[in-house]
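Comments concern the structure below.
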Amino acid sequence: MKKQKSGLYRTKVRIGVGPDGKPIDKWISAKTKRELEDLKRAVRETYIDGGGPVEDQLFGAYAQAWFARLRASKIAPSGLESYRTALNKDILPVFGDHNLRAIRPSDLQGFLDRYAGRSKTKITYVRAALRRILEAACVDRILQINPMDHIVAPDAAPAEEKRPLTADERAALERVAREHPQGAYLAVMYYLGVRPGEARGLQWGDFAPGLQSVHVQRDIDYKAHGQAGALKTERSDREIPVPEPLRRILDPLRGLPGVYLFRGERSGSAIAKTTAERLWVELMLAAGLAVPAKPNHYRAGDIRHAWQPTITPHMLRHNFITMCWEARIDVYVTMRLVGHTSIKTTMDIYTHLSDAARDLAADEVERMFTRV
């Protein structure tokens, strides 16, 4: 320790050895000997012990760096887009200009409470993004504890109850699937119970000889710009038997193995989002299952905004599970057919259907013992 002509005390701290075997020193200066000793301890903690204090950062800049790392991971495009939306539209406008250490649990709880009554998906992604960003700040030693640790998620809006199709709706859809020039798009989802992205990802080479079964192995994700990508879960990769009515519809349309069943006329790639949406409206109109939508002067003349289908592609999946239950197919087999990750998801639908059947049985029992 030496006092310089400037009046500062100066010394060096050995923080390591370089590749050439020479020592690496860190020179430090301070006004007093005590300040110099404090600075020496801080240097050792930072460069040797690894436990030194880390400078605070703006939440916005840190969150953007976190998202860049997330984008480089193997997260599905749909999940990545949901995180992007949560950050850009919800979180950054509120916390972007705050220092990380300035964000209190009460701030976070008040912020999330504003989402009461919103969809469960929206609440889940906003809450998860906040938790993961602040947890990363703990790992980087910017924060000592995660202020999201005891934050309670608000109540979401009740999920829209899914219903099975009526007998008349099923008959109308089966008719359109047989007779409409583009009916195969409807037929694949109706008879196989696949997700819409899985239907759009099917190629002729996925079918076994004689169209006896089909291997679901890719998904068309419009959030990934319509590219074929990984399925929703590992369980989504599955073989599904193809029923005879669907074989009759598909057999005259068969193409080369690498050709998509539903593709753009010019590009040959999977059917575009807008094309799929228009096609669905056309199919539901043919089935008599669409009602006039509220006028939209910005997009006048677009069939997608002129008519509102009463049946969605996702309802066909629920209907497929319903028909499996009606056919007394084992719940575990149904789970494998539809590609659910957990049997609980399938069981919840089976239980709901069983409750409905019980209510119908109660009416029958009542009539049995009612004297006229």
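For the range 185-200, how many residues meet the condition of being basic (Lys, Arg) and at positive phi? Full working, then the answer.
Restricting attention to the range 185-200, the residues satisfying the condition of being basic (Lys, Arg) are 195, 200.
Imposing the further condition that a residue be at positive phi reduces the set to none.
Summing the residues that are basic (Lys, Arg) and at positive phi in the range 185-200 gives 0.
Consider TRP280 carefully, then state whether it is aromatic (Phe, Trp, Tyr), at negative phi and at pLDDT below 90. No, not satisfied. Of the residues that make up the range 5-12, is at least one in a strand (DSSP E or B), touching a strand residue (DSSP E or B) at 6+ places or on another chain (Cβ under 9 Å) and among the hydroxyl-bearing types (Ser, Thr, Tyr)? For the range 5-12, residues in a strand (DSSP E or B), touching a strand residue (DSSP E or B) at 6+ places or on another chain (Cβ under 9 Å) and among the hydroxyl-bearing types (Ser, Thr, Tyr): present.
Surrounded by 13 or more Cβ atoms within 10 Å (Cβ to Cβ), outside any loop (DSSP other than H, G, I, E, B) and without any contact (Cβ under 8 Å) to a residue 24 or more places away in the chain - does that describe any residue in the range 44-60? The answer is yes, given that some residue of the range 44-60 is surrounded by 13 or more Cβ atoms within 10 Å (Cβ to Cβ), outside any loop (DSSP other than H, G, I, E, B) and without any contact (Cβ under 8 Å) to a residue 24 or more places away in the chain.
Could you please let me know if ALA30 is touching a Phe, Trp or Tyr at 6+ places or on another chain (Cβ under 9 Å), closer than 30 Å to LYS5 by Cα and not aromatic (Phe, Trp, Tyr)?
Yes: the conditions hold for ALA30.
Here LEU100, LEU80, LEU87 are screened, and the one residue that is under 17 Å from the mean Cα position of the chain (by Cα) and closer than 16 Å to ALA136 by Cα is LEU87.
For residues in the range 336-348 being in a helix (DSSP H, G or I) and in contact (Cβ under 8 Å) with a residue 40 or more places away in the chain, which is surrounded by the most Cβ atoms within 10 Å (Cβ to Cβ)? Here the residue is VAL338.
Being closer than 18 Å to ARG263 by Cβ and open to solvent by less than 20 Å² (accessible area, probe 1.4 Å) is a property that does not hold for GLY193. The set of residues in the range 246-274 being farther than 19 Å from ASP219 by Cβ, open to solvent by 40 Å² or more (accessible area, probe 1.4 Å) and either among the aliphatic types (A, V, I, L, M) or at pLDDT 95 or above (or both) consists of ARG247, ARG248, ASP251, PRO252, LEU253, LEU256. None of LEU165, LEU130, LEU108, LEU112 is of a type in the set (A, V, I, L, M), assigned to a helix (DSSP H, G or I) and over 26 Å from PRO77 (Cα atoms) except LEU108.
When you scan the range 274-293, do you find a residue that is closer than 17 Å to ALA177 by Cβ, within 22 Å of the chain's Cα centre (by Cα) and outside any helix (DSSP H, G or I), even just one? Within the range 274-293, none of the residues are closer than 17 Å to ALA177 by Cβ, within 22 Å of the chain's Cα centre (by Cα) and outside any helix (DSSP H, G or I).
Identify all residues within the range 72-85 that are open to solvent by 40 Å² or more (accessible area, probe 1.4 Å) and within 21 Å of ILE123 (Cα to Cα); write none if there are none.
Hits for the range 72-85 are ILE75, ALA76, PRO77, SER78, GLU81, ARG84, THR85.
The values are calculated or read from the model by the stated rules, or taken from the named source; none is laboratory data. Quantities reported herein were computed from a predicted structural model and do not represent experimental measurements. Cβ: placed from backbone, ideal geometry, glycine included. Neighbour counts: every protein chain shown. Accessible surface is based on the protein model in full, side chains and every heavy atom, while ligands, DNA and RNA are left aside. Shrake-Rupley method; radii C 1.70, N 1.55, O 1.52, S 1.80 Å.
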